[in-house]
Every structure is written in structure tokens, then in C-alpha cells.
Amino acid sequence: MNTITDVGTWASSWIWGVPLIVTSVVVHVLGLVMIRSGFARFFTRRPPSRGEHLMRFAAATGTAVLLITILHVLQAVVWAFAYVALDALPSPRIAMLYSLNAMTAYGHITDFLAPHWQLLGALQALNGLILFGLSTAFLYGMIEFGSPARQR
């Protein structure tokens with residue numbers, strides 16, 4: 001194999017991967033902003049008692065984690081759809097499993113992308129790192145903002 005020609009086959013992965021990354025990060029950030037807005041409204045209403053604050057904080061945190069998980073799943077669905085549309089994977093089921101695997105770096109799937117699309121899977125893994133980093137930072141900030149210990 002000539003490595004120079006092999007690299008040239010990556011162009012399609014970059015052409016599809018970079019816009020998918022940018023779009024998913026923008027959608028993720030917008031989703032986090034909406035979650036943050038709801039969280040802030042939830043805690044700027046009438047100041048709760050300390051015990052009530054702890055319960056509200058737990059409920060808000062659980063809700064935020066659920067919504068963030070839904071954001072990640074929706075983005076995995078978009079990538080899975082791209083894999084099927086590009087004939088990189090044979091079925092939606094396999095594409096979804098592959099997509100979640102790539103996004104989370106789970107590493108236990110036995111199905112692989114068509115050889116000329118393998119870089120696209122690596123780009124999705126990069127996207128997953130960015131998204132999980134944003135989600136982690138968001139949750140940390142949320143905990144700092146609404147922590148019952150902060151309300152003392």
C-alpha cells in the first residue's frame with residue numbers, strides 16, 4: 001500500500017467529520033445553555049429552607065443529568081445516521097452501537113467502519129471527548145452554583 005494515496009482517501013472523512021463536530025458542539029452548548037437557564041430560574045425563585053434546598057438541588061441535578069444524557073444520545077443518533085447514509089455501516093442498529101462506542105471510547109464493539117471511513121470514527125471519538133468535557137465542566141459549574149453548602 002502506498003501511504004500517500006491512503007491519506008488521500010481521508011478527505012471524505014474530514015469533509016463530513018468536521019461539520020458534524022462543529023454542529024454537534026454548537027447544539028450541545030445551546031442545550032447546556034437552556035438547561036442552565038432552567039436551573040438558574042429554579043434557584044432564583046423564593047429562597048427555600050435548607051432541607052428544601054437540598055431536595056430541589058438533587059432534583060435539579062438529576063434532571064440536568066437526564067437532559068445532558070439525552071443531548072449525547074441525540075448527537076450519537078446524528079452520527080449513526082451519517083454512517084448509514086454514507087454506507088459506512090450496514091444498518092441503523094449497528095451504526096447506533098458503533099456511534100455510542102466511538103463517542104464514549106467504550107472500545108468493545110466488533111463491527112468496524114468501511115476502511116475508507118475509519119478516520120470518521122476517530123473524528124467522532126474526538127467529538128465525544130469535546131462533548132463530555134463540556135458536560136463535565138457544566139455539571140461542575142452547576143454544582144458550584146446550586147450546592148447546598150454554598151447556600152449557607
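The values are calculated or read from the model by the stated rules, or taken from the named source; none is laboratory data. Keep in mind it's a predicted model, so treat the numbers as computed, not measured. Cβ atoms come from the backbone with ideal geometry, glycine included; neighbour counts cover every protein chain shown.
The table below gives the values:
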read-out: Candidates Val27, Val22, Val18, Val33, filtered to the one that is touching a residue at least 24 places away in the same chain (Cβ under 8 Å) and loosely packed, with under 15 Cβ neighbours inside 10 Å; value: Val18
read-out: Every residue from region 68-108 that is more than 19 Å from the chain's Cα centre (by Cα) and of a type in the set (Val, Ile, Thr); value: Val84
read-out: In region 103-125, the residues that are touching a Leu at 6+ places or on another chain (Cβ under 9 Å) and within 24 Å of Val29 (Cα to Cα); value: Met103, Ala105, Tyr106, Leu120, Gly121, Leu123, Gln124
read-out: Filtered residues of region 65-95 (kept if exposed (fewer than 14 other Cβ atoms within 10 Å of the Cβ), part of a helix (DSSP H, G or I) and of a type in the set (Ser, Thr, Tyr)); value: Thr69
read-out: Residue match in region 10-20 (condition: at pLDDT below 85 and more than 22 Å from Glu144 (Cα to Cα)); value: yes
read-out: Neighbours by Cβ (under 9 Å, 6+ apart or cross-chain): first from region 81-94, within 14 Å of Gln118 (Cα to Cα) and touching a residue at least 24 places away in the same chain (Cβ under 8 Å); second of a type in the set (Gly, Ala, Ser) and surrounded by fewer than 17 Cβ atoms within 10 Å (Cβ to Cβ); value: Leu86/Ser12; Leu86/Ala114; Asp87/Ala114; Ala88/Ala114; Leu89/Ala114
